[in-house]
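The values are calculated or read from the model by the stated rules, or taken from the named source; none is laboratory data. Nothing here was measured: the structure is a model prediction, and the numbers come from that model. We place every Cβ from the backbone using ideal geometry, glycine too, and count neighbours over all the protein chains shown. All accessible areas refer to the heavy atoms of the entire protein, side chains included, with ligands and DNA or RNA removed. Shrake-Rupley method; radii C 1.70, N 1.55, O 1.52, S 1.80 Å.
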Amino acid sequence: MLGLSSIRHTVARANASAAITRALSTSESLKVNSATTTPPPKAEERIKYFKIYRWDPDHRQKPYLSTYPVDLNDCGPMVLDALIKIKSEQDPTLTFRRSCREGICGSCAMNINGRNTLACLCYIEPKGEKKSSGDVTKIYPLPHMYVVKDLVPDMGNFYEQYRSIEPWLQTKDGKAEGQAEFLQTREDRAKLDGMYECILCACCSTACPSYWWNADKYLGPAVLMQAYRWIEDSRDDFKDKRLEELDDAFKLYRCHTIMNCTKVCPKHLNPGKAIAHIKKKLAEK
């Protein structure tokens, strides 16, 4: 019995010694790994400053510019990303419109560094240009429109002008019994390309000096292009009526072919060309 007890005691000591050896080996391994996997140094901050137009109708204060620093290492690539970051982290009172973030809705139209565009399509650092961290980006609402608050313009007059052109399909006889839709040829459909894509962001109209001077009478590039979209639609039966409605010294002929509209369109459309086609059709009548 003493021999068996001695054997058991020897085995227990051997197991304990092996466990200690494994623990020491693991500890040394962890020390080596921690030494070789030190975290990389933190990237240097790339601060970009945004000067943003501010005005609140509830406060008796003149409009002013507020400056906000944004670390571009912790921000998306678009100006809209910076605006959302500023509103979320620095100033929740900052007001602006946004919706789709894909250049489809036209909500985030504003003036960025002197050019009308969509904040969701405007790069903070445009591709191909040198890095601009440290520079200042200036953001204003669309020019020559009444401001509701901060970067939100009053679009009421613009939408009322759009309504005035009756932007829907008009036919004399309506649909025949059992008719599903109004058909047109591929060639007629192709004539609408470059017009139906308009998202009514008003970048073009608010870049037009003629619209600045006569916004109460001149329809502006966006609305006139939409008017021509229905004039050119082969399914519409009221082309002559639509042309007669536009044959006005102010509604149409305030356009002096300055072409700012085509230059700033974020969808790369050509409102100036559409207006020229309307004038041509009226001259040919």
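Quick one: divide the alpha-carbon radius of gyration of segment 76-117 by 2.2 N^0.38 Å and tell me what you get. Ratio of Rg to 2.2 N^0.38 Å for segment 76-117: 1.16.
Over the C-alpha trace of segment 67-182, radius of gyration and Dmax come out as 19.6, 66 angstrom.
Among the listed pairs Lys51/Lys191; Lys138/Lys191; Lys239/Lys267, give every one whose C-alpha distance is greater than 32 Å. Check vs 32 Å cut-off fails for Lys51/Lys191; Lys138/Lys191.
Stretched out straight at 0.36 nm per residue, the stretch from Arg115 to Cys75 would grow longer than its current Cα-Cα span by 12.2 nm.
Taking all protein chains as present, what is the carbon and sulfur share of the accessible area of segment 107-189, in % to the nearest whole number, probe 1.4 Å?
49
Accessible area of Trp212 (1.4 Å probe, protein heavy atoms only, ligands and nucleic acids ignored): about 90 Å². Taking only alpha carbon atoms, segment 135-285 gives an Rg to Rh ratio of 1.01, where Rh is the Kirkwood radius.
Each residue of segment 245-251 was assigned a 3J(HN,Hα) from its phi angle through the Karplus expression (A = 6.51, B = -1.76, C = 1.60, θ = phi - 60°), giving 5, 8, 6, 9, 4, 9, 4 Hz with x at Gly and Pro.
Grab the Cα-Cα distance for Asp193 and Tyr253, subtract it from 0.36 nm times how many residues apart they are, and report the gain in nm with one decimal.
Working: separation 60, 0.36 × 60 = 21.60 nm, distance 2.40 nm.
Roughly 19.2 nm would be gained on extension.
Inter-part distance, segment 261-283 to segment 121-190, computed on C-alpha centroids, equals 14 Å. Label zone (Asp237, point 7 Å along Cα-to-C-beta; backbone nitrogen cut-off 11 Å) within segment 171-188: 171-176.
Spin-label model, Asn157/Leu65: points 7 Å from Cα along the beta carbon direction are separated by 2.5 nm. Pairwise Cα separations in segment 166-242 fall into 10 Å bins from 0 onward with the following percentages, short to long: 17, 40, 29, 12, 3.
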